[in-house]
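The numbers here are math on the coordinates, done by the rules we state, and not lab data. Note that this is a predicted model, so its numbers are computed, not measured. Please note: Cβ atoms are built from the backbone with ideal geometry, for glycine as well, and neighbour counts cover all protein chains shown.
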Amino acid sequence: MKHIDIDARGYYGRFGGAYIPEMLHGNVEQLRRSYREMTADPKFREEFDLLLKDYVGRPSPLYYAERLSKHYGTQVYLKREDLNHTGAHKINNTIGQILLAERLGKKRIIAETGAGQHGVATATVCALKGLQCIVYMGEVDIARQAPNVARMKMLGAEVRPALSGSRTLKDATNEAIRDWINNPEDTHYIIGSVVGPHPYPDMVARFQSVISEETKWQLQEKIGRDYPDAVVACVGGGSNAAGAFYHYLNDERVRLVAVEAAGLGVDSGESAATSQLGTEGIIHGSRTLLMQTEDGQIVEPYSISAGLDYPGIGPLHAFLIDSNRAEAISVTDADALAAALFVARQEGIIPALETAHAFAALDQMEYSADDVIVVCLSGRGDKDLAAFSSYLDSEPLK
Ligand SMILES: *Cc1c(COP(=O)(O)O)cnc(C)c1O
């Protein structure tokens with residue numbers, strides 16, 4: 001198999017690239033020219049590593065889940081991104097990008113957010129660095145995710161509603177891009193996942209790669225080898241999966257399992273299983289798989305989890321799945337809810353609804369007793385308590 005990386009123009013195979021309006025060319029080109037050099041600078045590394053350690057709380061533990069292991073008849077380890085400051089993996093990327101923005105001399109930060117997790121992580125690092133922060137969020141999501149909206153405001157960010165289209169994540173992304181076009185000089189756009197034009201997918205994957213970097217030495221310590229038999233992660237845009245897979249991409253001993261949201265079912269018309277329903281096209285600046293009609297209109301995605309209902313996936317994941325390096329599994333709302341409840345009661349850990357999809361995938365996988373499976377526990381479930389409460393009220397307790 002060939003080595004997996006981007007080429008000079010930001011493509012993984014046929015996927016990726018930078019399809020941007022002329023007005024953004026200067027900004028994206030500035031990033032493209034500088035991100036590798038800036039992030040390789042020892043001063044940058046030092047500041048990044050120190051903030052990850054003392055501010056985010058890294059390394060995040062790799063936890064052997066004894067009761068889940070017994071239940072599944074295999075060895076299950078959880079990479080605890082839920083224990084990071086702000087409760088998910090998103091902060092790894094926003095720390096990296098705020099340090100870049102500082103070095104680029106940008107004073108104004110914009111971001112898009114769906115469930116609000118990336119908005120909170122961006123508002124957090126802007127407060128940390130004293131930079132102005134504007135977060136675009138669909139009007140529908142603002143109503144659905146009130147606690148995260150309050151958090152962003154508490155941190156000093158301005159939350160601007162996206163009022164067009166379905167008034168969810170893709171519309172917020174469109175608004176953020178529009179803002180960037182209008183404010184190219186002083187503004188940096190912090191994209192929250194491995195999506196968007198090159199260099200974003202590669203840049204975000206590198207910031208998140210700390211997840212698998214730690215997993216390697218943690219496994220070495222715990223089991224005497226630095227690789228598992230499988231890594232399982234949920235995929236919205238794909239940043240936690242990219243980070244959890246990164247240092248194993250070229251190691252074929254490791255199965256890579258990408259878990260998508262099937263919503264009410266892959267063929268129900270209410271789904272976000274992009275790798276199964278998607279076709280090649282261009283969304284938010286890159287060529288990838290996306291859910292679209294025959295004449296190229298975006299099909300509205302659906303998932304109970306606001307972090308997974310994006311109509312595309314990052315170009316890395318389109319490539320990994322298309323080339324059969326990664327397996328795609330899709331999980332319904334109902335199975336994700338059941339998995340969240342199960343994990344809560346087996347391990348005393350309430351996972352985010354997004355992460356619950358990764359746990360539910362364990363039911364669909366085959367493995368043997370001595371296999372080592374690492375599940376990326378991308379975030380905690382505090383933000384999803386309303387959904388869990390109504391589930392508890394509706395389900396007969398087992
Ligand atoms: C945002 C989010 C996701 C989905 O985003 P990716 O870029 O695919 O990782 C998954 N889990 C949690 C907890 C999130 O907040």
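Simple spin-label estimate for Gln364 and Asn250 gives 3.0 nm between the two label positions (7 Å along the Cα-to-Cβ direction from each Cα). Whole-Hz Karplus values for segment 160-170 come out as 9, x, 8, 9, 9, x, 7, 6, 10, 4, 5 Hz, taken residue by residue from phi with 6.51 cos²θ - 1.76 cosθ + 1.60 and θ = phi - 60°; glycine and proline positions read x.
When peptides 317-325, 18-26, 224-232 are sorted by average Cβ neighbour count within 10 Å, with the highest value leading, the order is 317-325, 224-232, 18-26.
Under 5 Å from the amide H of Glu112 lie the amide H atoms of Tyr136, Gly192, each residue being 5 or more positions distant or on a separate chain, with H modelled from the backbone and absent for Pro and chain starts. Secondary structure note: in the chain, about 30% of the DSSP beta bridges are antiparallel.
So what's the gap between the Cα centers of segment 324-366 and segment 166-223, to the nearest angstrom? Their Cα centres are 23 Å away from one another.
In summary, the lysines within cross-link reach of Lys106, defined as a Cα separation below 29 angstrom excluding same-chain residues under 8 places away, comprise Lys43, Lys53, Lys90, Lys129, Lys153, Lys170. Each of Ala318, Thr293, Leu256 was scored by the projection of its Cα onto the charge dipole of segment 249-334, and the greatest displacement toward the positive side belongs to Leu256; charges sit on the C-beta of Lys, Arg, Asp and Glu. The charge dipole of segment 275-331, taken about the Cα centre with unit charges on the Cβ atoms of Lys, Arg (+1) and Asp, Glu (-1), comes to about 220 debye, rounded to the nearest 20.
Using a simple spin-label model with pseudo-atoms 7 Å out from Cα toward Cβ, Glu66 and Ala344 lie 2.3 nm apart. Placing dummy labels 7 Å off each Cα toward the beta-carbon, the span from Asp5 to Glu300 is 4.3 nm. Taking 0.36 nm per residue of sequence separation and removing the Cα-Cα distance, the Glu46/Ala143 pair yields an extension gain of 31.0 nm. The fraction of Cα-Cα pairs per 10 angstrom bin, counted from 0 for the chain, comes to 5, 25, 36, 25, 8, 1 percent, rounded to whole percents.
The 3J(HN,Hα) values that the Karplus relation (6.51, -1.76, 1.60; θ = phi - 60°) gives for segment 334-344 are, in residue order, 4, 5, 5, 4, 4, 5, 4, 5, 5, 5, 4 Hz. Gly and Pro appear as x. Cysteines in the chain that lack a partner Cβ within the 4.7 Å cut-off: Cys234, Cys376. Here the chain is assigned +1 on the Cβ of each Lys and Arg and -1 on the Cβ of each Asp and Glu. Its dipole about the Cα centre then comes out at about 1040 debye. Towards the positive end of the charge dipole of the chain, with charges on Cβ (+1 Lys, Arg; -1 Asp, Glu), say which of Ile283, Val140, His188 has the farthest Cα. Positive-most Cα among the choices belongs to His188.
Assuming charge only on the beta carbon of Lys and Arg (+1) and of Asp and Glu (-1), the dipole of segment 238-340 about its Cα centre is about 440 debye to the nearest 20. Phi angles of segment 91-104 translate, via the Karplus equation with coefficients 6.51, -1.76, 1.60 and θ = phi - 60°, into HN-Hα couplings of 5, 4, 6, 5, 4, x, 6, 5, 5, 5, 4, 4, 5, 7 Hz per residue; Gly and Pro are given as x.
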